[in-house]
Every structure is written in structure tokens, then in C-alpha cells.
Amino acid sequence: MTAPHAISSAAPPPESRDARRVAVCVPLPLAAPYDYAVPEGVEAAPGAVVRVPVGGRTLWGVVWGDAAGGVDPARLKPVLEVSPLPGFSAAMRRFVDWVAAYTVTPPGAVLRMALSVPAALEAEVPAMGVIRADAWPAAARRTAARERLWRELAERPPLPMAEAARLAGVSPAAVKGFLGEGGLLAAPLPRARALPFADPDPEAAPPVLSAEQAAAAGALRDGVGKGYAVTLLDGVTGSGKTEVYFEAIAEALRQGRQALVLVPEIALTAQWLERFARRFGAAPSVWHSELSPALRRDTWRAAATGRARVLVGARSALFLPFADLGLIVVDEEHEHAFKQEDGVIYQGRDMAVARGRIEEIPVVLASATPSLETLANVRAGRYAARALPNRHGGAALPRIELVDLRAAPPDKGTWGRGFLAPPLVAAMAETFARGEQALLYLNRRGYAPLTICRSCGHRMQCPQCTAWLVEHRGRGGGGRLVCHHCGHVEGVPESCPSCGAADSFVACGPGVERVAEEVAARFPQARRLVLSSDHVAGPAAFAQAVAAIEAGEVDVVIGTQVVAKGHHFPGLTLVGVIDSDLGLAGGDLRAAERTYQMLSQVAGRAGRADKPGRVLLQTFDPAQPVIAALAAADRDAFVAAEQVGRRVLGMPPFGRLAAVIVAARSEEQAAELAAALGRAFPDAGAGVKLYGPAPAPLARLRGWSRYRLLVSAPRDVRLQPILRAWLRAVPIPRSARVRLDIDPYGFL
Ligand code: ADP
Ligand code: ZN
């Protein structure tokens, strides 16, 4: 990523400025803001959030600046309404423009992410209820029902009419009638204040930091209020990174400013939220896609008005128009979940850095396994780094051992093929005997990733995607075949659709459910918990599962990547990785890096408290550099080797990449359009290269045919203008789609 470049539209001299006309950016993918007339008596300064007519409807937009002119003033449509909320600051508008320019999307498409809750912009119209008048109106007739209402509503806050009727045991019509005659008065209902907008207190419960932690915390704290700077907080799992960046948050609070914490997956943060509440005496505001509409609206407003002091959220929280942001923390900065892959395609971590630069505030990137991008920025001096090389409280890092599956293959049990090699089985038995917990990690949902016909070799494939169907058994036991790309579901057929053989299908390879089956057969007494998005859906269920593990109600967890992240389970001392080689297959540029990060993270779950941890990695290739580096606990060697490889190939972080994905219903049309794009690629010189077009690895997805092109360039080339001109030169039929992915992380 490059530094944000200024997008200053040179302001016209003050005397030519016409406050009665403004340019308004609306949340639609338009090339530029539209001009609107500002009616007499209306104040619509730059940044104001305004309602304007667009096409046949009205939308909330933001005054982007002075009108471009060129439209007959008499024909301009008017600004209809100005939101009472604080507007978008100049920095926020620059941020929207910068993200739009970087991702090659229209500013309105980025603004739509910032104005994601239109209801938050409406003036708050409180719901009305009734209270009792001070005195019985002389003209009002006395009835038994009214007497009861009079008695029951004495000294009560406003109540909804239905509630008042129920309380007094009268009909709603009686309430209405009494209201009509002045015995009851209409009054706004108090708003339910379920929202946790109590202020976190920086002095509530500060921790006692170790010397190492205190040094890092001091550096972060000193940076708050001193402008833009990015600091990598590079600490091993369990070193207390969270406690340390909490001190930077405390400082932002002391300075009266807001803090934003981005986390890869908000559903997984129950423990984080508890720790925050313990440290600051109040909960933070939370932002994610599953908030109720009311909570979403209130949280958006709280960010915009400054009432939300600390907000923790998924990547989309980065687009909230904070009133006075003073700090951004990106936790687990290496996580690919920060990349948004649809709509506006962006890398949230990189955009967080851009926002920090534009807002002139510090950004903290925390990780035990930083991305190569961030490490390169540290080496180049663009980012500072603070290390926490030791676990807190003297806990040792777990010992990582390799289990060579060629030398020690799993034995076949009565339940069929096994996936747990003898050394892992032995370690599990020892762990259970000591009353400690084990975690088996396999990043594969379901029962088996492939279903194959024993007689003819037919493989069950998704009818819409280039993908095998994954068998899921769930609790009931009956098998379903599911496509993990499009959600297609079918039953396991009774006979093979290709050769007709009956009952010929066999499951190939393990998913977490199949490993759980083996654990049940080998250790019937062990209490098992399968943890994957299929088995534990939603934040509440996840929090419950985590609590059960913490409380020691589970002996063995069998989980996908959802278990790897940031959890702290004191009783967990053994981690077994079923298939360490799984992520290394395929040609993904970051396959090795991702595997290293993932497995370090999983290994880091072991032995975080006083009992030492042990990690067994099952592998077919112990000499593979990633696996060997994990076993040697030598991150630096891994990173150095990986950097050499990337540098030679001119790949990120040493070069730039942009991907173009062409999709169409018809294979022919997709192929033709991809070829046309290939032919139209300009000679941009300076080492800019095009690879492809080629059929995407996921050549069909949801019934669409897909092709990919990849552009690479040296770091100092700004690709965006080249890409913009290139894509503009090729007409794109309405029935096809072309997506541009700057800094791609997915290569399917
Ligand atoms: P990391 O994010 O680096 O993996 P955490 O911040 O989760 O590490 O810390 C690991 C555990 O150690 C947590 O339970 C945390 O509360 C505890 N811990 C870390 N530092 C301190 C400290 N200074 N005082 C008390 N507990 C601490
Ligand atoms: Zn599919």
C-alpha cells in the first residue's frame, strides 16, 4: 500500500463561492457528486448530511464541497433536509475519496459503507405514550373505567396506551376517550437505554504490567495525541498484547478522544469483551453485521456524536464517521478476514492505516505472526515495532513436535480408517489422565471432503461450481452433501449416478465430524465438543461454547479455524493438528505464510497458564520449510526464506498485484470477454506485467463461468490509473461481470 495521496479539488476563490449551490455525494456508484440548490434559510456546509432527490426517490448524502457548476441554477434540484447529526469531517471525506481512488471504485460506493444505516440520520421521533393530567378536567365525565385509569396512572412515567389499558383493566377505547377529554396527556415514551454507552473509565482497573509490557505500553501511550504513526505490537501468543494496547486506549480516553479496535471476527470476541469490561469498568460499543436494527442505528449515532468512546468491530467499523477518533488498533493484523471480498473490495488493515494517516492519529497493529507486508513496512522504517518476546507470568511457549505420518500411520480401528497417529493418541490419553484438555485442529468442516464411488471412481461434484461436495452428518447421522461455495445441498444418492452401482459411495478424508467420531470410538469417556461454524452458529452460541471449555466441562475440542483465534483456555495443554500440510496445497501466493500463521496461532492455545503445553503436528512432509520452521520455533528463518522467494518473483510485499475476475453465465462469453481484456492491456512499461487470462481455479461458481487475469508491477508504480484506463477501454456486456481486486488475497 502507498501513502494516501491528497485528493484536493482546488477550492475556488471565496468571492466566487456560491453557498446556495453545493455538490452532494450520494451513496450510489456514480462517477462524481451531483450539484444541488440550497434553499433560502437552509444551512448546508461541507460535510453536512443532507437528504436529496435522486431519480424518483430521496436519499441521504453528504455535502462534498462546492458545486461544480455547469447546470442551469433554475433546473437544480433542492436539498430537502439537513440531518441534525454532526456532519462528515474533512478528514472523513478525504478518507472516502482516498479509499475510492485506491480501490478504483466510485466515491459513492464507499460512502454507502459509511452511510450504512440511513435510519440513524432521521431526526429521532420519540414514540408517544400517556400520563395522567395534574387535575381531573372539569368537563370530563366520571366513569368507573376512568376512575381506575386515574388511580393506576398516578405517579407513573409515560406508558404506551395499550399498557395503560392493561394496567387499569379497561379497554383501549376508554384510554383514548379519556385522553380526548384531557384526563390523560400525550407524552414521549422514555427510550429503552439498553445500550452500553456508559463511559469506559481509563483508571478503573489498570493491570500491573511486567517490565517488558510496561515498556511497550509506555511507547504506545506516548504516541497518542502526537499525530500519525504506525506501531507493530509483535508479541508471542499469551504475551499480553491486549493488556498492552488497552493502555493506549486508556490514554485516548484520558485525552477525551474515541478509540476504534478492529478485530477479524466479532463473533469470537466474548473473552475480549469481558477483559475490556474488567479493565475499564464498562463495556465498549460493538459493531458488526448481526446487530439489531435499533442497536445498529444507535451505535452509528453514538460513533458520530462521540458518545461511543471505544468501539470494537469488524472491518466495516472503519467506515463509521467518528466524531473525534484518537486511536485505531487492528488486532491480529495478519488475519485475512480483514479483506472484504465483495462490493467495494478492500483490505481493512491497510485502509485502517490510511485512515490513521488522514486523521493524523496513531495506529497499532497487533499480532504474534505479523504479515509479510507489515514486516516489510517495519524494515523499511515506515512502521515502528515493539516486541513482547515472552509469555506473561512466566508461562513457557509450548513444545512443538512433528508426527511423521509415513513412519507412524494411524491404525485402522473398528470404526474404519483412522486419522489420529499413535503418538497423538498416546498424548491424548496422558492429557486426559492428568485431567487436562486437548484441542484437535482440522480446518475442514463436515464429515468428509470428498465422496467417491467405489466401483467407478465417480466423485460427487456441485452441479453449479467446480468443487467437490462435502459430506455433513451432523447430530442426526444421516449424510447430506453440501457445496461450501454456493450452499447447494443434496442427499447421498443410493446408487451412483454414473455407473448405477448401489451403496457404492465411500467418504474420503476427514472433516471435523469424522475426527470426532474417531475420538468417540477411542476415548468414549472424553467429553467432546465439535467447534465449527456448522455446529456453533452465532456469537451467543460461540460464547457459550467458550465458557464451557473455560469451565472445564469439555475434555477435547475438535475444531476448525474458529478455535484458533485469541482464546485463552487455562486447562488446555495439548494441541494436535490433524493435517498440517492441508493449507500448503494449491498455488496461493500466501499459502506458506498463512499456514505458518494459522498453525502458530493454534499451537499458541496450548499451555497458556501454569501447566506446560505440548503441540503435535501430523505431517507427511516434515522437511517442508513451513513445517520445519514451526518445529524449530524459528519465525525469523521462515520469514527470511519467504521474503527471498517473494522478492525474486516481484510479489507482495515487494511488488504490487491486482486481479481481474471476469464472470458470465455463458462460458463462451466469459472466455471472449477475458480474451478481449487480455488484448486491450496497455503497454504500461516500467515492469508492469499481465498474466492470463486463464480459467479461474473455481472455473464455475454458482453457475457462472470465471476467468482470471493478474497484473503485477514494481512497488513504486501506481497501478490504479493504468487499471482504470484499461478497464474503460473494453465494453462490458450487461450479462457479464468484471471485478477488480487490488492487493488480492484470494486466488480462486
Ligand atoms: P496475547 O493477546 O498476546 O496472546 P493476552 O493479552 O491474551 O495475550 O494475555 C494472555 C493472558 O495473560 C490473558 O489472560 C491476560 O489477561 C493475562 N495477562 C497478560 N498480561 C497481564 C498482566 N500484566 N497482568 C495480569 N494478567 C495479564
Ligand atoms: Zn456449489
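The values are calculated or read from the model by the stated rules, or taken from the named source; none is laboratory data. Being a predicted model, the structure only gives us computed values, none of them experimental. With ideal geometry, Cβ positions are generated from the backbone for all residues, glycine too; neighbour counts draw on all protein chains shown. Remember, those area values only see protein heavy atoms, side chains included, never the ligands or the DNA or RNA. Shrake-Rupley method; radii C 1.70, N 1.55, O 1.52, S 1.80 Å.
I'd like the full set of residues that are open to solvent by 50 Å² or more (accessible area, probe 1.4 Å) and not hydroxyl-bearing (Ser, Thr, Tyr), limited to region 487-511.
Result: Val489, Glu490, Val492, Glu494, Pro497, Cys499, Ala502, Asp503.
Here are Glu553, Glu517, Glu513: which of them is at pLDDT 90 or above and more than 21 Å from Leu582 (Cβ to Cβ)?
Numbers: Glu517 fails: more than 21 Å from Leu582 (Cβ to Cβ); Glu513 fails: more than 21 Å from Leu582 (Cβ to Cβ).
Only one candidate passes the filter, namely Glu553.
Taking only region 436-477 into account, find how many residues are in contact (Cβ under 8 Å) with a residue 60 or more places away in the chain, within 14 Å of Glu517 (Cβ to Cβ) and within 16 Å of ligand 2 (Cβ to nearest atom).
Looking only at that region, the number is 2.
Restricting attention to region 689-730, which residues are closer than 23 Å to Ala100 by Cβ and open to solvent by 30 Å² or more (accessible area, probe 1.4 Å)?
Within region 689-730, Leu710, Arg715, Asp716, Arg718, Pro721, Ile722, Arg724, Ala725, Leu727, Arg728, Ala729 meet the criteria.
Only one residue in Ala540, Ala547, Ala507, Ala516 is small (Gly, Ala, Ser) and within 16 Å of ligand 1 (Cβ to nearest atom), so which one is that?
Of the residues listed, the single one that is small (Gly, Ala, Ser) and within 16 Å of ligand 1 (Cβ to nearest atom) is Ala547.
Quick one: which helices (runs of 4 or more DSSP H) sit completely within region 574-677 and have at least 1 residues that are polar (S, T, N, Q)? Steps first, answer last, please.
Working: elements: 591-603, 625-631, 635-649.
Helices (runs of 4 or more DSSP H) meeting the threshold: 591-603, 635-649.
Is region 479-490 home to any residue that is over 25 Å from Ile549 (Cβ atoms), within 16 Å of ligand 2 (Cβ to nearest atom), touching a His at 6+ places or on another chain (Cβ under 7 Å) and without any contact (Cβ under 8 Å) to a residue 24 or more places away in the chain? Write out each step before concluding.
Applying the first criterion (over 25 Å from Ile549 (Cβ atoms)) to region 479-490 yields 479-490.
Checking which are within 16 Å of ligand 2 (Cβ to nearest atom) leaves us with 480-490.
Those left that are additionally touching a His at 6+ places or on another chain (Cβ under 7 Å): 480, 482.
Still in the list and also without any contact (Cβ under 8 Å) to a residue 24 or more places away in the chain: 480.
Within region 479-490 (the criterion being over 25 Å from Ile549 (Cβ atoms), within 16 Å of ligand 2 (Cβ to nearest atom), touching a His at 6+ places or on another chain (Cβ under 7 Å) and without any contact (Cβ under 8 Å) to a residue 24 or more places away in the chain), the answer is yes, since at least one residue qualifies.
Is there a residue in region 703-713 that is modelled with pLDDT of 95 or more, of a type in the set (Gly, Ala, Ser), outside the structural domain of Leu584 (by TED's automatic domain parsing) and within 16 Å of ligand 2 (Cβ to nearest atom)?
yes
Please go through region 340-391 and pick out each residue that is free of Cβ contacts under 8 Å to residues at least 40 places away in the same chain and touching a Lys or Arg at 6+ places or on another chain (Cβ under 9 Å). Before you say what the answer is, go through the steps one by one.
Let us first name the residues in region 340-391 that are free of Cβ contacts under 8 Å to residues at least 40 places away in the same chain, namely 340, 342, 379-381.
Matches in region 340-391: Gln340, Asp342.
If Glu593 meets every condition in (1) out of contact with any His (no Cβ under 9 Å at 6 or more places or on another chain); (2) open to solvent by less than 10 Å² (accessible area, probe 1.4 Å); (3) of a type in the set (Asp, Glu) apart from one, which number is that one?
(1)
If you scan region 202-213, which residues turn out to be of a type in the set (S, T, N, Q) and assigned to a loop (DSSP other than H, G, I, E, B)? Give the derivation first.
From region 202-213, those of a type in the set (S, T, N, Q) are 210, 213; that's our starting set.
Listed by number, the list holds a single entry, Ser210.
Would you check if Ala675 is surrounded by fewer than 19 Cβ atoms within 10 Å (Cβ to Cβ) and under 23 Å from Arg656 (Cα atoms)? Reasoning before the result, please.
Numbers: surrounded by fewer than 19 Cβ atoms within 10 Å (Cβ to Cβ): yes; under 23 Å from Arg656 (Cα atoms): yes.
In short, yes.
It is to be established whether one or more residues within region 596-609 are within 30 Å of the chain's Cα centre (by Cα) and hydroxyl-bearing (Ser, Thr, Tyr).
Yes, region 596-609 contains a residue that is within 30 Å of the chain's Cα centre (by Cα) and hydroxyl-bearing (Ser, Thr, Tyr).
Quick one: in region 394-413, of everything that is in contact (Cβ under 8 Å) with a residue 12 or more places away in the chain and over 21 Å from Gln618 (Cβ atoms), which residue is farthest from ligand 1 (Cβ to nearest atom)? So that I can check it myself, show each step before the final result.
Kept after step one, since they are in contact (Cβ under 8 Å) with a residue 12 or more places away in the chain, are these residues of region 394-413: 395-406, 408-410, 413.
Imposing the further condition that a residue be over 21 Å from Gln618 (Cβ atoms) reduces the set to 395-396.
Values: Ala395: 8, Ala396: 14 Å.
Per the stated criteria, the residue is Ala396.
Based on this model, can you work out whether Lys241 counts as more than 16 Å from ligand 2 (Cβ to nearest atom) and under 23 Å from Arg605 (Cβ atoms)? Break it down stepwise before answering.
Details: more than 16 Å from ligand 2 (Cβ to nearest atom): yes; under 23 Å from Arg605 (Cβ atoms): yes.
So Lys241 fits the description; yes.
Rundown of residues vs (1) more than 16 Å from ligand 1 (Cβ to nearest atom); (2) under 25 Å from Pro106 (Cα atoms); (3) in contact with a Ser or Thr (Cβ under 7 Å, 6 or more places away or on another chain), yes/no style:
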{"position": "Ala680", "(1), (2), (3)": "yes, yes, no"}
{"position": "Ala686", "(1), (2), (3)": "yes, no, no"}
{"position": "Pro695", "(1), (2), (3)": "yes, no, no"}
{"position": "Ala699", "(1), (2), (3)": "yes, no, yes"}
{"position": "Arg702", "(1), (2), (3)": "yes, no, no"}
{"position": "Leu710", "(1), (2), (3)": "yes, yes, no"}
{"position": "Val717", "(1), (2), (3)": "yes, yes, no"}
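Would you say Ser116 is of a type in the set (S, T, N, Q) and surrounded by fewer than 18 Cβ atoms within 10 Å (Cβ to Cβ)?
Values: of a type in the set (S, T, N, Q): yes; surrounded by fewer than 18 Cβ atoms within 10 Å (Cβ to Cβ): yes.
It is true that Ser116 is of a type in the set (S, T, N, Q) and surrounded by fewer than 18 Cβ atoms within 10 Å (Cβ to Cβ).
Find the residue count for region 512-527, including only residues that are crowded, with 17+ Cβ neighbours inside 10 Å and over 17 Å from Val470 (Cα atoms).
4
May I ask you to list the residues in region 561-573 that are within 16 Å of Gln601 (Cβ to Cβ) and touching an Asp or Glu at 6+ places or on another chain (Cβ under 9 Å)? Spell out how you get there, then give the answer.
Just the residues of region 561-573 that are within 16 Å of Gln601 (Cβ to Cβ), to begin with: 561-569, 572.
The answer is Val562, Lys565, Gly566, His567, His568, Phe569, Leu572.
Can you list residue pairs whose Cβ atoms sit under 8 Å apart, with the first residue in region 199-220 being under 16 Å from Pro284 (Cβ atoms) and the second being within 12 Å of ligand 1 (Cβ to nearest atom) and of a type outside the set (Asp, Glu)? Count only pairs 6 or more apart in sequence or on different chains.
Short answer, once both residue conditions are applied: Pro200/Phe276; Ala204/Arg279; Ala205/Arg278; Ala205/Arg279.
Filter region 375-399 for residues that are open to solvent by less than 70 Å² (accessible area, probe 1.4 Å) and in contact with a helix residue (DSSP H, G or I) (Cβ under 8 Å, 6 or more places away or on another chain) and give the result.
Matches in region 375-399: Leu375, Ala376, Tyr383, Ala384, Ala385, Ala387, Leu388, Pro398.
Right, Pro612: open to solvent by 30 Å² or more (accessible area, probe 1.4 Å) and touching a Lys or Arg at 6+ places or on another chain (Cβ under 7 Å) or not? Write out each step before concluding.
Working: open to solvent by 30 Å² or more (accessible area, probe 1.4 Å): yes; touching a Lys or Arg at 6+ places or on another chain (Cβ under 7 Å): no.
The answer is no for Pro612.
Collect the residues in region 273-324 that are open to solvent by 40 Å² or more (accessible area, probe 1.4 Å) and of a type in the set (D, E, K, R), keeping them in residue-number order.
Glu274, Arg275, Arg278, Glu290, Arg296, Arg297, Arg307, Arg309, Arg315, Asp324
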